Amino acid sequence: MIQFDNVTKRYPGGIDALKNLSFKVEKGEMVFLAGHSGAGKSTLLRLVAGIDRATSGTVLVNNQNLGKLGGTQLSFMRQHIGLVFQDHKILFDRSVFDNVMLPLDIIGFEPREAAKRVRAALDKVGLLDREKSNPIRLSGGEQQRLCIARAVVHRPSILLADEPTGNLDRDYAHDIMELFRSFNQVGVTVLVSAHDEMLMHTYGRRIIRLAQGHLTP
Ligand code: ADP
Ligand code: ADP
């Protein structure tokens, strides 16, 4: 489902954020990505999402070599991916409901089916009773759940999350991880980065550890 072969990512300025990295995530797996700040976690996730391209090596997602895809094919591929990234801005000039509707608007979903999906996603993350609220009224943990609802509303087969628990207390962090686990249980392949290894260990899933763009034991 996700496979890196000898992937290097060099940013302008000469930093190799990833160096000859190879690993595989099977379909239906839930895998954690661990490492200190600057280890290359975000870079790895951005390559999987097709937001950035590898400098060398091969990135395969759903059996497609992302390096060989053109713009249109890449955006089509991205419809199968859900992203919970730190720079994914919540829009505060519209409701919780409309924020989650956004990805379906972009795909051009039929409105009634779209509304049904938005409510199903909000229900999943426990925010159905807040659908009419302005997101500014939500707590940090609730805003994170809103981002997760928005990431899964189009039912992606792969869910990528970049430090989704980074700013949350331990209890809230567990709630968020439980949500990812529930999506994994219905068959979604999940790749979640974090730097709190204690938190990850509770889940007994495989942990890929990065340090300076390399895998470490
Ligand atoms: P992490 O997510 O583990 O904190 P990143 O992937 O963000 O790590 O960063 C890995 C390395 O690449 C760091 O040294 C960082 O400074 C560098 N880096 C990240 N993004 C860029 C960029 N757009 N331009 C130049 N260097 C970058
Ligand atoms: P519905 O109840 O709207 O007909 P389905 O029967 O298609 O939905 O799906 C059953 C449940 O699994 C729903 O709650 C749906 O939200 C959830 N689900 C299925 N695939 C995904 C996915 N990729 N991401 C998130 N949730 C999903």
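The values are calculated or read from the model by the stated rules, or taken from the named source; none is laboratory data. Source: prediction; values computed, not measured. No Cβ is skipped: glycine too gets one built from the backbone with ideal geometry, and neighbour counts run over all protein chains shown. Protein only, heavy atoms only, side chains kept; ligands, DNA and RNA dropped before computing areas. Shrake-Rupley method; radii C 1.70, N 1.55, O 1.52, S 1.80 Å.
For the stretch 92-103, state whether one or more residues are open to solvent by 40 Å² or more (accessible area, probe 1.4 Å), touching a residue at least 24 places away in the same chain (Cβ under 8 Å) and farther than 24 Å from residue 75 by Cβ. Yes; the residues of the stretch 92-103 include at least one that is open to solvent by 40 Å² or more (accessible area, probe 1.4 Å), touching a residue at least 24 places away in the same chain (Cβ under 8 Å) and farther than 24 Å from residue 75 by Cβ. Among the residues of the stretch 149-164, the ones that are crowded, with 17+ Cβ neighbours inside 10 Å and either closer than 25 Å to residue 38 by Cβ or charged (D, E, K, R) (or both) come to 9 in all. Inspect the stretch 19-27 for any residue being at pLDDT 95 or above and under 19 Å from residue 197 (Cβ atoms) and give the result as yes or no. Yes, there is a match, as at least one residue in the stretch 19-27 is at pLDDT 95 or above and under 19 Å from residue 197 (Cβ atoms). If the condition is being within 13 Å of the chain's Cα centre (by Cα), away from ligand 1 (no atom under 16 Å from the Cβ) and among the polar types (S, T, N, Q), then the stretch 164-196 contributes 184, 189. Set side by side, the residues 149, 161 differ, and just one is under 12 Å from the mean Cα position of the chain (by Cα) and within 16 Å of ligand 1 (Cβ to nearest atom), which is 161.
With respect to being within 16 Å of ligand 1 (Cβ to nearest atom), under 22 Å from residue 182 (Cβ atoms) and of a type in the set (A, V, I, L, M, F, W, C), residue 128 falls outside the description. Restricting attention to the stretch 68-89 and to residues that are at pLDDT 95 or above and open to solvent by less than 60 Å² (accessible area, probe 1.4 Å), the residue that is nearest to ligand 2 (Cβ to nearest atom) turns out to be 82. Only one of the numbered conditions (1) open to solvent by less than 80 Å² (accessible area, probe 1.4 Å); (2) part of a loop (DSSP other than H, G, I, E, B) is violated by residue 118, and that is (2). Of all residues in the stretch 187-198, those satisfying the criterion of being within 16 Å of ligand 2 (Cβ to nearest atom) and buried (at least 16 other Cβ atoms within 10 Å of the Cβ) are 188, 189, 190, 191, 192. From 184, 134, 167, which residue is crowded, with 19+ Cβ neighbours inside 10 Å and in contact (Cβ under 8 Å) with a residue 24 or more places away in the chain? Only one candidate qualifies: 184.
A quick yes/no check of all residues on (1) in contact with a Ser or Thr (Cβ under 8 Å, 6 or more places away or on another chain); (2) open to solvent by 20 Å² or more (accessible area, probe 1.4 Å); (3) of a type outside the set (Phe, Trp, Tyr); (4) within 12 Å of residue 209 (Cα to Cα):
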| site | (1), (2), (3), (4) |
| --- | --- |
| 19 | yes, yes, yes, no |
| 31 | no, no, yes, yes |
| 41 | yes, no, yes, yes |
| 47 | no, no, yes, no |
| 54 | yes, yes, yes, no |
| 58 | no, yes, yes, no |
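From the list 50, 28, the one residue that fits, being of a type outside the set (A, V, I, L, M, F, W, C) and touching a helix residue (DSSP H, G or I) at 6+ places or on another chain (Cβ under 7 Å), is 50.
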